[in-house]
1. Hey, if you put +1 on the Cβ of every Lys and Arg and -1 on every Asp and Glu Cβ in the chain, which of PRO518, VAL485, HIS212 ends up farthest toward the positive end of that dipole?
2. In nanometres, what is the gap between the two model label sites at THR115 and GLU482, each 7 Å from Cα along Cα-to-Cβ?
3. Using the Karplus equation 6.51 cos²θ - 1.76 cosθ + 1.60 (θ = phi - 60°), what ³J(HN,Hα) coupling, rounded to whole Hz, does each residue of region 48-63 give in order, writing x for Gly and Pro?
4. State, in angstrom, two size descriptors of region 370-438 derived from its alpha carbons: Rg to one decimal place and Dmax to the nearest whole number.
5. For the chain, just give the cysteines left without a disulfide-compatible partner, judged by no other Cys Cβ under 4.7 Å.
6. How many Å² of accessible area per residue for the chain, probe 1.4 Å?
7. What GluC sites (Glu not before Pro) does region 416-479 have in DSSP loop regions with at most 15 other beta carbons within 10 Å?
8. Ranked highest first by average number of other Cβ atoms within 10 Å, how do 202-211, 34-43 line up?
Amino acid sequence: MVGPRAEGQAGAGSGPDCDAVIVGAGFAGMYMLHKLRELGLTARVLEAGSDVGGTWYWNRYPGARCDVESMEYSYQFSEDLQQEWDWSERYAPQPEILAYAQHVAERFDLRRDITFGTRVTAATFDTERGQWRVETDGGERITATWCVMATGCLSSPNKPDFPGQDTFTGATYHTGDWPHEGVDFSGQRVGVIGTGSSAIQAIPIIAEQAAHLTVFQRTPNYAVPAHNAPLDPEVERFFKAHYPELRAKAKQSRNGLLYLHDTNPVSALEVPPHQREAIYQERWDKGGLSFAGTFVDLLTNQEANDTAAEFVRGKIRAIVDDPQVADLLSPRSVLACKRMCVDTGYYATFNRPNVTLVDVSEGPVEALTPEGLRAAGREFALDAIVFATGFDAMTGALNRIEIRGSGGQLLRDKWAEGPRTYLGLMVAGFPNLFTITGPGSPSVLTNMLPSIEQHVEWIADCIAHVRGRGAARIEPTPEAEEGWVAHVNAVADRTLFPTCNSWYLGANIPGKPRVFMPYIGFAAYVEKCEEIVREGYRGFVLGG
Ligand code: NA7
């Protein structure tokens, strides 16, 4: 297909090296490549890792698994693929999802167009030629008509810059960049900073290995039990027999998941307290994210939300022996305002004699020291520190690339006050640049796989449309973008989502503008995207 061309080889007037450059070989980049090939386009994928898988390539920490059930966390574009792949557990562990990604790469012969071990550093739109020039850390330059950012929403690790980082004599790890060979914590004094989803999965397993585990918690999180188990063969048979209907049904929900169809269509406040408890208990026993959909108004009515939050706090009090520790572990914020965590034995881990919880909400982690770290005015001696401190979500991976649009404008500058996109797919002033699951699209509030597929298919149709019209360029108008940003915010403001310091708002990164980034409502969003196409790509201009 398209071989790498030496820098400068494409002279003035010559065509680009390939039709499209795709940045990232996770689930988004892989399917984009497949789809562009179907259109007869030449494409090159550039990937920093040594293999496909994206999130599932990097996040190899102990206990890493998907919080969406296996039968729904997969591609649906190929019926053969969804029939032939077998998941082993209700929630797939990271190695199995990675194996699935590798299987897809082989099955569709994707690797021949992917360059691994290559990080994209810059992408510049050459207005005269109507081409993107993409630069890599290896010094390569590739030109293309289309540039697709498949860089992921949670792929730029947030590693707080604590003073004394270099003085610590033990080992440090970040959950989002875990050593491939694994880590054996046996006999060690381990510190985990953070209590988000990654920490909540890793802590029970690290606690079993370590001599002592100290957990540094800034904000407690709500976790519901996974009740993970080997996949029930009946469930698998049912899904495989009814995939098309089930997938279609999932698309009609707020988050692209089937469970939301089970939401009780009543307010939590309309149900008498004892009955409400029983309904929460049913969800708790079922396990997983569906807990947040127990009643229809949990994310729009504070009082309703309080009932669910208090139910979980009651569970924490019942599980954790020490009332003080239970109290510290009990979140006070709106339930599901931050993504809920799905756990296996998280709260019970704090009953172990070798586990200590340290509150760093008032007295923060101050510094790393040669022997460990200093937090809340106390010294902690540690052999290893795990940063489970999350990601610069949604914009981080895009902003660390020098992306320059028409007139040399830097995307990072344009987004200084928060990301601005049209549909989370394109940016005014950046022609022919697509952002798969970009800010302003439902992305992280959904099952990522259907969101990715919907974007990839929209992008492929859009490129085909532009070519079919004899044009070479498309971008949104500033007015359309403005309108979309306002709409995303207006929808968020009708909910409780903006009330807590979540990474949806960028609140986890010091100095990041506080803007709600994902669009709430998958079904409504898909309908909007389709309507815009039906109306002749309303809000976009074609040229070239
Ligand atoms: P999260 O959910 O962003 O969690 C990061 C955790 O790290 C969270 O508890 C943070 O506390 C904590 N944190 C971050 N910086 C610090 C500092 N400086 N000091 C102390 N604690 C800190 O990331 P995850 O990787 O767990 O999960 C990300 C997503 O992956 C998850 O939502 C799933 O969708 C999968 P904070 O809450 O900010 O006070």
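The values are calculated or read from the model by the stated rules, or taken from the named source; none is laboratory data. Here the structure is a predicted model, which means the values were calculated and not measured. A quick note on method: Cβ atoms are made from the backbone with ideal geometry, for glycine too, and the neighbour counts reach across all protein chains shown. Calculation scope for accessible area: heavy atoms of the full protein, side chains included, ligands and nucleic acids excluded. Shrake-Rupley method; radii C 1.70, N 1.55, O 1.52, S 1.80 Å.
1. Checked the options; the winner is VAL485.
2. Using points 7 Å along Cα→Cβ, the separation is 4.0 nm.
3. Calculated HN-Hα couplings, in order: 5, x, 8, 7, 6, x, x, 3, 7, 7, 8, 8, 10, 5, x, x Hz.
4. 18.9, 53
5. If one checks each Cβ against the other cysteines of the chain, CYS18, CYS66, CYS147, CYS153, CYS341, CYS462, CYS529 turn up with nothing under 4.7 Å.
6. Details: 21150 Å² over 544 residues.
For the chain, the solvent-accessible area averages 39 Å² per residue.
7. Passing sites in region 416-479 are GLU417.
8. Numbers: 202-211: 20.1, 34-43: 17.6.
Taking the mean over residues of other Cβ atoms within 10 Å, the ranking is 202-211, 34-43.
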